[in-house]
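J.: Structure incoming, see below.
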Amino acid sequence: MRDALDATPYDALLLLSFGGPEGPDDVVPFLENVTRGRGIPKERLKEVGRHYFLFGGVSPINDQNRALLDALRKDFAGHGLDLPIYWGNRNWAPYLTDTLREMVTDGRRRILVLATSAYASYSGCRQYRENLADSLATLEAEGLEPPKVDKLRHYFNHPGFLEPMIEGVLRSLADLPEEVREGAHLAFSTHSIPHASADTSGPVEDHGDGGAYVKQHLDTARLIADAVRERTGVDHPWRLVYQSRSGAPHIPWLEPDICDHLEERHAAGVPAVVMAPIGFVSDHMEVLYDLDTEARAKAEELGLPVRRSATVGADPRFAAAIRELVLERAAAESGIEVTPCALGALGASHNLCPVGCCPARAPKPAAAGADSPYA
């Protein structure tokens, strides 16, 4: 690493996220953005949006991104890293294309992208890269010169991502009644995706049963469970489980579902469960509804004590991890030898998504990869 905190050749960081509605009138238009091209009727979208209406039509994700932006800016400023940070969403304001247009107008020519998804998958990586390519094509059609865009590597096994989750599990265990604490089971939860998407996630060499998506989550879960054992002296049994399934019922998705898993653990005599949403960067709607509402209701029905541990959110250690990843990538792009920071068995992920990594259902241009039309 260079002595000074220098992000050269990059002149800006873009926080790229999913987006979410910020009021009842936003819910259906937001879902229309998410499902564009699938021909889903508006009445069906209203039904799908019932989760949002339970929370006043507001998704927490935008406020959580604002908090992360604030944490990143404070961390960068506190460490003397002079790198402006912008924010754009795939499906709601501030829209990605508008933000990239602003960045070009501000003279930004080499942009590094932080996606709010830590793992490899089509929806968690390649689709973000497709959205980037779409937006860059729009700018080009408007007569603007598209900037060069790179994406930060997957950070699922960075200590700054792991440590807040380890502490969250420890706090949740400590909050359980003492008589059930030692026997508590750890359920590490992430978003379910179709088997076909999981099996082709990551580089081609990782394709197979569950692909990189499952391998990376298992490695994360194992690291957290091992850390909990080391700090408590108790070896809690654990399993990777899934939530937030959608789509046609005849298409196989990753299982077990968290609610089914709670039933199975209760039937097996487990006295308590800690649900740890390791697949999510912040407490957005899938966490608030699928875990805090639906899974908690199932646990209450069973009489099973449960706790839900925290996501990393805007934790200062996560902000520091992003700073380290920015400097790591900047040094590598400048030809400086760096040792990537990563824990676990899988090591640091690739900087440049290779050809065949998390392929789309239909071929579509994607930026920030080896097959990018915007080199």
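The values are calculated or read from the model by the stated rules, or taken from the named source; none is laboratory data. Please read all numbers here as calculations on a predicted model, not as lab measurements. A quick note on method: Cβ atoms are made from the backbone with ideal geometry, for glycine too, and the neighbour counts reach across all protein chains shown. When the accessible area is computed, the model is the full protein with side chains, heavy atoms only, and any ligands, DNA or RNA have been set aside. Shrake-Rupley method; radii C 1.70, N 1.55, O 1.52, S 1.80 Å.
J.: What ranking, highest mean first, results for peptides 226-232, 28-34, 314-320 when packing means the other Cβ atoms within 10 Å averaged over each residue?
T.: 314-320, 28-34, 226-232
J.: Moving on to the next point. Quickly work out the Glu230-to-Asp25 label distance, labels modelled 7 Å from Cα along the C-beta direction, and quote it in nm with one decimal.
T.: A separation of 5.3 nm, rounded to one decimal place.
J.: Now for a different question. Any idea what % of Cα-Cα pairs in region 16-76 are farther than 18 Å?
T.: Summing the P(r) tail past 18 Å for region 16-76 gives 42 percent.
J.: Got a number for the accessible area of Leu302? Probe 1.4 Å, square angstrom, nearest 10.
T.: Counting only protein heavy atoms, the figure is 40 Å².
J.: Using only the heavy atoms of the protein chains and a 1.4 Å probe, how would His261, His51 rank by accessible area, largest first?
T.: If we order His261, His51 from most to least accessible, we get His51, His261.
J.: Once you order the gyration tensor axes a ≥ b ≥ c over the Cα atoms, which shape class does region 95-137 get: rounded for a/c under 1.5, otherwise prolate or oblate by comparing a/b with b/c?
T.: It comes out prolate by the Cα gyration axes.
J.: Further question: With Cα extents along the principal axes in Å defined as stated, name the option among (1) 63, 54, 38; (2) 78, 46, 38; (3) 62, 50, 38 computed from the structure displayed.
T.: Among (1) 63, 54, 38; (2) 78, 46, 38; (3) 62, 50, 38, the one calculated here is (1).
J.: Calculated from DSSP H runs of 4 or more alone, at -39500 (n - 2.57) each and per residue, what is the 222 nm mean residue ellipticity of the chain, nearest 500?
T.: -12000 deg cm²/dmol
J.: Moving on. With N denoting the number of residues in region 292-375, provide Rg(C-alpha) divided by 2.2 N^0.38 Å, to two decimal places.
T.: Dividing the Cα Rg of region 292-375 by 2.2 N^0.38 Å gives 1.68.
J.: Might you tell me the accessible area per residue for the chain, computed with a 1.4 Å probe and given in Å²?
T.: 42
J.: Let me ask something else. Separation of region 80-153 and region 186-230 by C-alpha centroid, Å?
T.: 26
J.: How many percent of the accessible area of the chain is carbon or sulfur, using a 1.4 Å probe?
T.: 51
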